[in-house]
1. Which of rounded, prolate or oblate describes the range 296-348 when judged by the alpha-carbon gyration tensor and an a/c cut-off of 1.5?
2. Net charge near Leu177, counting Lys/Arg +1 and Asp/Glu -1 over other residues with Cβ under 10 Å of its Cβ?
3. Tally Lys/Arg at +1 and Asp/Glu at -1 over every other residue whose Cβ is under 11 Å from the Cβ of Ile280; what's the total?
4. What ranking, highest mean first, results for peptides 252-261, 203-212 when packing means the other Cβ atoms within 10 Å averaged over each residue?
5. Please tell me which of these pairs span more than 23 angstrom C-alpha to C-alpha: Lys254/Lys274; Lys162/Lys214; Lys137/Lys214?
6. Between the range 267-291 and the range 249-265, what is the separation of their alpha carbon centroids in Å?
7. Over the Cα atoms of the range 207-274, what Rg and Dmax result, in angstrom?
8. Specify whether the C-alpha gyration tensor of the range 131-213 places it in the rounded, prolate or oblate class, a ≥ b ≥ c being the square roots of the eigenvalues: rounded for a/c under 1.5, otherwise prolate if a/b is larger than b/c and oblate if not.
Amino acid sequence: AVLKLILSAAAVGAFMNLWAFQSYYSEDDIHLTHHDVDDDVVRPSDNGWRADEIQIREEWERPTDDGWVEDESAVQEEWEPILENNSPSSVDEEDTDDVNTAADDKATEDDKAKTDKTDDKDTEQLSPFYSSKSCFKARSNTVPEHLYGKLQKPYFNLGFPKMGTSSLHKFFECGGLDSVHYRCTRLDSCARCMRESVEAGGLPLDYCELPPRKIDMYAQMDDGHYFPQIELLDELVDGYPKATLFLTFRSMEKWYNSLRKWPPRRNGPHMNDKLKQHNITGFPSGVGNNVDEFADWYCNHVERVRDIAASNPSLTLVEVDIEDSTIAKRMSDMFDIDERCWGHTNVNPIANPDLDLSEVQVSQKYNQIVNKKASD
């Protein structure tokens, strides 16, 4: 009788643990903070469960009533600036003259005043040494027309955050492709799963594509800390020799301004502050004090990617100027996707005070259409 009682208690305990685990990781809890996950939780792979820890990155934080939490730093799909109802937006991270539908419909008077006070910094210009360099100009002739509609997957965007990553993501989603932006699995950033795949002796995508999923487009693979497009570029090229690579381009002045004001919170820290701390290859800690230093980093990256593409003829390099008025037509021709799928996403009105409300509303409507089409 005692043995039966012990076995019954053990069975009940096991059932309760299973119920608690399933409840904890329900669909309602997809967006977790790093405070929500136990250190010893494991995650699935194609071989079952892996024994390494899940550690949700500090920047995957929920917004608070006062704006963004202290730790948040990077480019989150989910956690966008607070809307009037204090709920996170459902759109992605971009800001560009890319249309930040996630930001508040209009900036507060305080934000506008702050913007006015920093106009002299916002208009910081590249030095003449940089402004004439070819690495800042997208080339339109890198894809021969006989390859239009036939470019091979996977697609890797090797550009940097705040350079049209969301626009690429939405374009391919709208076209019916499986595109990921920042996060490759339910819990892992693309940066993390790629790094762990290579560290385990595999190809970069081994832990990012859990069967039967096959991702078409990696629109943003960095997490604001670790940049696979830099650190794992050789592994990506060697592992996927027929891939299609992307480089995105925009005005360096606008890019720098965007970094300095993302996320759109009053007191920072902002993305440029965080990038200066992470000791990224080609961008050591302490560098990044002005537009020239950010431009130099990007220029060196562009030249490296171009050299690799030129020496690997099985690769295709697509260069995308997100400020080019003809880019929607070119993207449509190259990928056989309706050109209406191309549009700017995530305009930050704090960083773009020249935008009037009607432009922001048009952008919001565009994103609603794209999101609906992608879910149909």
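No lab work stands behind these numbers, since they all come straight from the coordinates. Keep in mind it's a predicted model, so treat the numbers as computed, not measured. Glycine gets a Cβ as well: all are built from the backbone with ideal geometry, and neighbour counts include every protein chain shown.
1. Cα axes put the range 296-348 in the oblate bin.
2. On the way: positive: Lys153; negative: Glu173, Asp178, Asp216.
Around Leu177, the surrounding residues sum to -2.
3. Values: positive: Lys274, Lys276; negative: Asp222, Glu231.
With Lys, Arg at +1 and Asp, Glu at -1, the net is 0.
4. Working: 252-261: 22.4, 203-212: 18.1.
Taking the mean over residues of other Cβ atoms within 10 Å, the ranking is 252-261, 203-212.
5. Values: Lys254/Lys274 18 Å; Lys162/Lys214 26 Å; Lys137/Lys214 32 Å.
Violating the 23 Å limit, Cα to Cα: Lys162/Lys214; Lys137/Lys214.
6. Comparing the Cα centres of the range 267-291 and the range 249-265, I get a distance of 13 Å.
7. So, for the range 207-274, Rg and Dmax equal 15.6, 45 Å respectively.
8. Numbers: a/c = 1.84, a/b = 1.51, b/c = 1.22.
Prolate, because a/c is 1.5 or more and a/b exceeds b/c.
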